[in-house]
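Participant: Let me begin by handing over the structure; questions about it come next.
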Amino acid sequence: MSLWDQLVAMVSSPLMLRALLAAVVVGAAAPVVGTFLVQRRLALMGDGIGHVALTGVALGWLVGNAASVVPQDSLALPGAVVTAIAGSIAIELVRERGRTSGDLALALMFYGGIAGGVLLIKVAGGTNANLISYLFGSISTVSNADLVWTVGLAVVVLVIGLGLRAALFSVSHDEEFARASGLPVRVLNILVATIAALTVTVAMRVVGLLLVSALMIVPVAIAQLFARSFGRTMALASATGVAVSVVGLSFTYWQDYPPGATIVVLAVLVYAAAAVTRPLLRRSAPVHDPHPDVLDDLELDGAENGAGRAPESC
């Protein structure tokens with residue numbers, strides 16, 4: 001079977017088609033939010049929200065079990081969305097008040113989130129194995145309902161992230177300047193935290209809660225090696241996110257590797273290759289003469305008589 005036939009067979013599979021659609025929307029949306037987080041020096045915020053979302057997954061299981069919903073994990077994604085948004089707003093308010101540093105607040109989210117998830121899944125009658133697919137991703141098992149949630153939330157993230165790009169960049173770059181300009185800084189900060197939480201839950205089924213921050217941050221790091229403006233960085237990061245997600249997922253179609261880890265490792269390898277080759281691709285800027293119509297201030301004696309003339313002895 002030729003490569004083209006294999007590609008046609010891959011996209012003809014309903015399972016792979018759903019997975020590819022999820023990979024495209026997540027790969028496009030995650031770096032958009034990651035660009036704001038990198039600008040705010042909160043690159044690890046996605047990790048903290050991911051741990052809190054695990055508590056939401058277990059809470060969804062608990063509510064679904066109490067309401068006799070079939071299957072039991074039907075409310076896992078809605079539970080993760082609600083809990084992640086609440087956690088991200090809480091960390092933003094803690095950071096704003098300044099009583100607790102940002103890294104300490106993230107640490108509290110790490111420990112409390114994962115411990116709460118393990119505890120609640122036990123109360124819900126499940127086991128830690130039920131959380132594995134959410135921790136490390138399981139894009140190959142994305143259902144139609146998961147795809148609808150993923151596409152819908154990704155569209156919300158893209159609309160907010162791109163539509164309010166200028167205001168969100170301003171508040172992410174310099175809060176004092178944004179406040180002096182009359183922007184609603186608190187509302188915009190909470191909005192950034194909210195779309196970060198939505199991105200985490202969107203990417204949960206693709207790369208998993210433990211690796212979701214990588215898909216938000218690594219494409220931005222790659223784009224920053226080449227782009228010079230915020231807008232170009234965001235566009236290049238989003239394109240890179242789509243590329244590594246689709247290529248990594250397609251690779252796992254032929255090789256039995258975990259999709260989430262493969263996508264993240266591929267992104268890291270691309271970053272390493274870009275960091276090594278970037279200095280080689282840079283061209284030295286040509287010397288620019290600001291006054292081309294003016295003769296040079298310094299001329300060497302005898303230069304007009306031809307180069308290579310032997311100097312006269314003293």
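The values are calculated or read from the model by the stated rules, or taken from the named source; none is laboratory data. Bear in mind the structure is a predicted one, so any value in this text is a computation, not a measurement. Positions of Cβ are generated from backbone atoms using ideal geometry, with glycine treated the same way; all protein chains shown enter the neighbour counts. The protein model used for the area step is the full one, side chains on, heavy atoms only, and it has no ligands, DNA or RNA in it. Shrake-Rupley method; radii C 1.70, N 1.55, O 1.52, S 1.80 Å.
Participant: Answer yes if at least one residue in region 76-91 is under 30 Å from VAL242 (Cβ atoms) and at pLDDT below 80, and no otherwise. Reasoning before the result, please.
Facilitator: Looking only at region 76-91, we keep the residues that are under 30 Å from VAL242 (Cβ atoms), and these are 76-89, 91.
If we keep only those that are at pLDDT below 80 too, we end up with 91.
So far as region 76-91 goes, yes, one or more of its residues are under 30 Å from VAL242 (Cβ atoms) and at pLDDT below 80.
Participant: Counting only residues that are among the polar types (S, T, N, Q) and open to solvent by 30 Å² or more (accessible area, probe 1.4 Å), how many does region 215-248 have?
Facilitator: First, the residues of region 215-248 that are among the polar types (S, T, N, Q): 224, 229, 233, 238, 240, 245.
Filter again for open to solvent by 30 Å² or more (accessible area, probe 1.4 Å), leaving 224, 229.
Looking only at that region, the number is 2.
Participant: Filter region 204-233 for residues that are under 13 Å from the mean Cα position of the chain (by Cα) and of a type in the set (Gly, Ala, Ser) and give the result.
Facilitator: Listed by number, the residues that qualify are GLY208, SER213, ALA214, ALA221, ALA223.
Participant: Sticking with this one: Under the condition of being part of a helix (DSSP H, G or I) and aliphatic (A, V, I, L, M), which residue from region 168-183 is surrounded by the fewest Cβ atoms within 10 Å (Cβ to Cβ)? Don't jump to the end; show me each part of the working.
Facilitator: Let us first name the residues in region 168-183 that are part of a helix (DSSP H, G or I), namely 168-173, 175-180.
Checking the rest, the ones that are also aliphatic (A, V, I, L, M) come to 168, 171, 178, 180.
Working: LEU168: 26, VAL171: 25, ALA178: 20, ALA180: 10.
Residue satisfying both the conditions and the ranking: ALA180.
Participant: Hey, another quick one. Can you tell me how many residues within region 249-269 are surrounded by 24 or more Cβ atoms within 10 Å (Cβ to Cβ) and free of Cβ contacts under 8 Å to residues at least 24 places away in the same chain?
Facilitator: Residues that pass the stated criteria total 0.
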